[in-house]
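What follows draws every value from the coordinates through simple rules; no lab data is involved. Note that the structure is predicted; figures quoted are calculated from it, not measured. Reconstructed Cβ throughout: ideal geometry from the backbone, glycine too, with neighbour counts over all protein chains shown.
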Amino acid sequence: MRLNSQVIVTQKPKEILSKLEELRSSENFIIIDTNEKEFLLEHASEAISKAFIASEEVTFIILIAPKFSIISQNKLLKILEEPPLNKEFIIITKYKSSILSTIKSRLPIIIIEDNITKESIDLDIDNLNLEKVYEFIQKHNRISSTDSKDIVEKIAVDVIKSKKYKLDNSLLKTFEDSIKALDIGSPSTFILNGLLLKLLSRKY
């Protein structure tokens with residue numbers, strides 16, 4: 001781990017913050033921690049305000065939350081792209097899927113496994129059929145958009161490992177578009193159902 005601007009995905013943000021503290025020498029830290037609540041517009045405004053406080057030393061503004069709202073991320077875009085003199089940003093979050101692609105394009109993404117076995121999705125990708133799609137959608141008809149984005153990412157990984165699907169640019173774009181649609185509040189079951197039906201059409 002290095003002390004530089006980045007997005008860190010971890011289930012143990014406090015431990016990561018401690019490790020960052022160990023790397024610090026003359027740098028200043030400004031920490032905005034939502035205490036397990038969503039990072040909102042008010043938190044983004046606070047971060048921007050503190051970023052414009054002049055300092056001769058390099059200052060890291062560390063933003064910690066399990067999830068970052070779309071509005072707060074859009075608010076941060078410009079300052080992440082053109083930070084004030086001697087300012088760096090570190091985002092620590094639990095879910096990579098909650099981070100907008102525009103943020104990911106500006107900051108490197110570091111995923112910390114935390115020695116936790118990731119829960120697999122209860123879907124047999126290798127033997128996917130209409131019946132399994134229906135059962136899966138019925139079982140997950142009330143999940144949140146954040147959980148849905150996590151599922152989309154896991155399905156993408158399983159599809160790549162499976163090698164039983166025609167994995168072309170069109171299918172990859174479907175995964176990306178599914179995440180974007182969930183970001184703007186599209187119904188989770190509609191998006192998951194559409195994705196799985198598209199997968200069926202690309203199955204060898």
Trypsin sites (Lys or Arg not before Pro), loop per DSSP, at most 12 other Cβ atoms within 10 Å - longest free stretch of the chain:
38-117
Relative to the longest principal axis of the chain, what angle (0 to 90°, nearest 10) does the C-alpha long axis of helix 169-183 take?
60 degrees
Rg/Rh for the range 1-64: what does it come to with C-alpha atoms and Rh from Kirkwood?
0.95
Radius of gyration and Dmax for the chain's Cα atoms, expressed in Å?
19.1, 62
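Would you please give the FRET efficiency between ARG106 and ASP168, computed as 1/(1 + (r/R0)^6) with r the Cβ-Cβ distance and R0 = 30 Å, to the nearest 0.05? Show your work: numbers first, answer last.
Details: r = 28 Å, r/R0 = 0.92.
Efficiency at R0 = 30 Å is approximately 0.60.
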Where both partners of a DSSP beta bridge lie in the chain, what percent of those bridges are antiparallel, to the nearest 5?
5 percent
Starting from a Cα-only point model with no solvent, please compute log10 I(q)/I(0) by Debye for the range 130-201 at q = 0.13, 0.14, 0.21 1/Å.
-0.33, -0.39, -0.89
Candidate aspartates and glutamates for bridging to LYS163, where Cα separation is under 12 Å - those fewer than 8 sequence places away on the same chain excluded:
ASP126
Under 20 Å from LYS164, Cα to Cα: lysines that are on another chain or at least 8 residues apart
LYS132, LYS154, LYS173, LYS198, LYS203
Run the simple label-point estimate for ILE143 and SER25 please: 7 Å along Cα→C-beta, distance reported in nm.
4.5 nm
Obtain the nm distance between the two label points defined at TYR134 and LYS161 by a simple spin-label model: each point lies 7 Å from its Cα along the Cα-to-C-beta direction.
2.8 nm
For the chain, what is the calculated [θ] at 222 nm in deg cm²/dmol (nearest 500), taking -39500 (n - 2.57) for each run of four or more DSSP H residues and dividing by its residue count?
-14500 deg cm²/dmol
To make sure I understand, if each residue's beta carbon is the centre and we count other beta carbons within 10 Å, what order do PHE68, PHE29 fall in, fewest to most?
PHE29, PHE68
Can you give the angle from 0 to 90° between the axis of helix 70-81 and the longest principal axis of the chain, with both taken from C-alpha atoms, to the nearest 10?
50 degrees
